[in-house]
Structure formats: C-alpha cells, structure tokens
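Comments concern the structure below.
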Amino acid sequence: MTCTASALMAQARCYQGLPKNVVRAFGLALLCNWANHSTPPAAPFRWEPEATSIQWTDSGGVKTGDYPTFLATADIATVTSVEMDGRNITGVFNIGSLPALQHFEAQGNLITTFDFTGSNNLQYISINFNPLASVIYTGCSSVTYIDMRGFVMTTIASVDLRPCTALLSVYCDDNPALATINANGLASLAVLTCSYCNLGDLFVVGDSAIVQLWYDNNPSINIVT
Amino acid sequence: MSNLSSLASLTSVHAFLASETAVTIVATQPITEFLVGQNNLASSEVDAALVALDGNGLLAGNVDTSLQTPPAPPTPPGRVAYANLVGKGWTVTTDPWDVILMDPSTGLWLLVVDVVGNVGTVTWVGPATADVILADGVGGFWKVVVDTLGNRGTVADAGPATVAPVLNDGTNNFWMLVVDALGNLGSVHVYP
C-alpha cells in the first residue's frame, strides 16, 4: 500500500457499510498511525559555519566546497571520506547520514560534540584537538582507529568504546576531565593510550590483544581487567 | 593498584605519575617497555616487576621504576634481576641504593653488595694504580660488575685494600670504577 494521507483515507472509504463518522474516525486513526510510525527522512550531513569549505570523496572523486556546494554536488550515497582539519568548524551534524562513510577527519576545530551513531561503515576517526564534551560511537562496528586526543579545553567525562567491536587503536590522551573509559570486550584492541586524563575507571575486561597500554599521569586510575 | 597480568599480549606499559602502589605483570607477558616511574610502588613491587621482566627472556628492553614516593630501590632479588636485564641489553632505571658508581663514558654501573645482600661502601684509597683500587672495609663484600658488553660478572673479595690487586675480574675485561671522598671519579683500569 502506498502510505500517503490520500491513500489512507481512500482505504478507509472502502468500508462501505459503515457510518460516515466511523469511516472518518477509522481514516483519522490510520493517519495518526502513519504519522507516528513512518520513518522520517534522514537529516542531511552538515557542518557549521556552512561557508567553510571542506574536502570529501565520493564516486566522482575528491571534491572541495562549502555546505551549499556539498548539497548541490555530492553523491551522498557514495561519500566515503570527509576531511575538515583545522577549519575553525564549530559543529558537525548527522554524520550517520553518510551511509558509505569510511574515513572521517576533523582535527583541530572547535567542535564539542561528535555523534557517529549509525556510521557502521566508518573505519577511521580522527577528531583530536577539539574542545570535546561528548563523543558517541553507537553502531560504529567497523571502526579500527580512533584518535580523540584532546587539549586543555576538553570537558568530556566518559567514553564508551564498546560499540567499536573492530577497534585496533584508540588514543584518548590529554582529556583532563575524562574519568571513565569503557573498552570492555574489544577482542582486537591492540593500542590504548589515555595519558594525562583524570581517569578513575579504565575498563579493559576481555581485551586480551592489548599490546600497548599507556596511562601516564592519571593519579586516581583503577584499571579493571 | 593495577593488575595487568591478564593482558597476555602486552609489550609496552607507560604509567608515570599514576599513583600506582602496584603494577602487576608476569613473566609470560612479552613486555619490553615498562615505564612506571613517579608512583608509590614499594621495593617489593619493584623487585617483582624486575624479576618478571628478567623472566620473560627478551632482550634490549627498557624499564624505569625510578622516583617512587617514598624511594623504592630494588632489594637483593630485584638487584639480581636488574643485573641480569642489563646483561641482556636492557636499559634499567630504578631508585638508587647506597653504592652505585657509574662509568661516565659507558653509563654502566658497578654494584657492590655483600653475600647477605647488604650494601657495601667503596672508599678511595689512593691513586688508581694497578696495586690498589678499591677497599671494601671489613664486610667481606662481593662486587658485582658489568663489562662493556653488558655482561654481569662477580668479583670475590680479595681482602684488605693493601693487597694487590683488590679486584680480580678473571678474563672478562671488566671496568673498575672509583670515586674519591668528594665523589669525583677516579681512573679506570682494565684487568685482563
């Protein structure tokens, strides 16, 4: 069935033997159900300020442009790489709406929040030197490399790396408010560095592949293996 | 207090300034870099780490347990592991114990302990001639030395400082280091 408002009302009118008010009520019920459960269109990937140019790669090759140019020319379905290092960018949104994204770089900007929810093809994330307050990795099951080293302005308090089940290397150093890292169950994780944070708990239960564990200058650390 | 012994693949640990009272590792881990200075480890923990690292059999690693609060020099079991590691090409840095002399040209250490593990005192007894170099007092000290290749040697006490030569290093070409009462380094002699 085509799920449009007119189609739903047409379906309701098919119940010929029923009183009009019942048909109308049935039609309204169908409309409400449609409105409540239909999938809204995905919000597009964007960044602020929109006048700032970034670089991306799609099926047409490497391209550069501001946000209007991106909207007009990018083949959203085939964008595999986004690079926006050192551009004074203040916000980046809906990264998960780039279904083919594998490589994301946004080092040295002014971005406080990164939400990678749904970026299940993403393999490489480099977001170091941003004033991080929150990073969400939900669904990032293909990520192998994360660099989220901070600097003195970060306020991020916790990181949950458990969705990153393919993770090989993660660098979380220099986030002075970072109190918790949960990396439990990451069977491939080989490198974890988190020096110069303020860690209480570092969870690495089941991470038997860790080769390099660096946690200098965390005066209250408790490593849970 | 961190027990890292379940991380079976671990090769490198950096944990300076982490207020650690223990960082537990085991000899089955392939660790070649263990930098845990500026913590609160006790000498027993330092000993355990050195013994574990010596036990893993690997060469040319780097271990730093220095600048603990309070100072935590290795005790005799740890010192044996220390010397073994140096002999295997490791760079080993710990809190110092009483007598450690260093050759400024090679960075190698001369350690002096007696048969029960007590630290000995080395005193300057005159020019660095072939006759008299080191006097060990009356403690019956054993001298533990390393040569320029990093091999560990043992030198038996040869009696009062007037006996020549005091140190006998056999055929391993050990370097003997001396200091005067002001801490100045004396001449270095090779005993073939």
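The values are calculated or read from the model by the stated rules, or taken from the named source; none is laboratory data. Quick caveat: nothing in here was measured; it's all calculated off a predicted structure. For neighbour counting, all protein chains shown are included, and Cβ atoms are generated from backbone atoms with ideal geometry for every residue, glycine included. All accessible areas refer to the heavy atoms of the entire protein, side chains included, with ligands and DNA or RNA removed. Shrake-Rupley method; radii C 1.70, N 1.55, O 1.52, S 1.80 Å.
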Flagged pairs (Cβ under 8 angstrom, 6 or more apart or on separate chains; first in the range B:55-70, of a type in the set (A, V, I, L, M); second assigned to a strand (DSSP E or B)) are B:Val63/B:Glu33; B:Val63/B:Phe34; B:Val63/B:Leu35; B:Val63/B:Thr91; B:Val63/B:Val92; B:Val63/B:Thr93
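Evaluate the range A:45-68: report whether one residue or more is assigned to a loop (DSSP other than H, G, I, E, B), among the β-branched types (Val, Ile, Thr) and in contact (Cβ under 8 Å) with a residue 40 or more places away in the chain. Let's see the steps before the verdict.
Within the range A:45-68, the first condition is being assigned to a loop (DSSP other than H, G, I, E, B), and the residues that meet it are A:45, A:49-53, A:59-60, A:66.
Going one step further and asking which of them are among the β-branched types (Val, Ile, Thr), we end up with A:52.
If we keep only those that are in contact (Cβ under 8 Å) with a residue 40 or more places away in the chain too, we end up with none.
Scanning the range A:45-68, I find no residue that is assigned to a loop (DSSP other than H, G, I, E, B), among the β-branched types (Val, Ile, Thr) and in contact (Cβ under 8 Å) with a residue 40 or more places away in the chain, so the answer is no.
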In this structure, is B:Asn40 without any contact (Cβ under 8 Å) to a residue 24 or more places away in the chain, within 11 Å of another protein chain (Cβ to nearest Cβ), open to solvent by 50 Å² or more (accessible area, probe 1.4 Å) and under 26 Å from A:Phe203 (Cα atoms)?
no
Single residue of the range B:1-18 satisfying the filter (in contact with a Phe, Trp or Tyr (Cβ under 9 Å, 6 or more places away or on another chain) and not in a loop (DSSP other than H, G, I, E, B)) that is surrounded by the most Cβ atoms within 10 Å (Cβ to Cβ)
B:Val13
In the range B:19-30, is there at least one residue being within 17 Å of the chain's Cα centre (by Cα), surrounded by fewer than 18 Cβ atoms within 10 Å (Cβ to Cβ), assigned to a loop (DSSP other than H, G, I, E, B) and away from chain A (no Cβ under 14 Å)?
no
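Whether any residue in the range A:78-94 is farther than 25 Å from A:Met148 by Cβ and modelled with pLDDT of 95 or more is what I want to check. Outline the logic, then answer.
Start the filter on the range A:78-94 by keeping residues that are farther than 25 Å from A:Met148 by Cβ, which leaves A:78.
Now restrict to residues that are modelled with pLDDT of 95 or more: A:78.
So far as the range A:78-94 goes, yes, one or more of its residues are farther than 25 Å from A:Met148 by Cβ and modelled with pLDDT of 95 or more.
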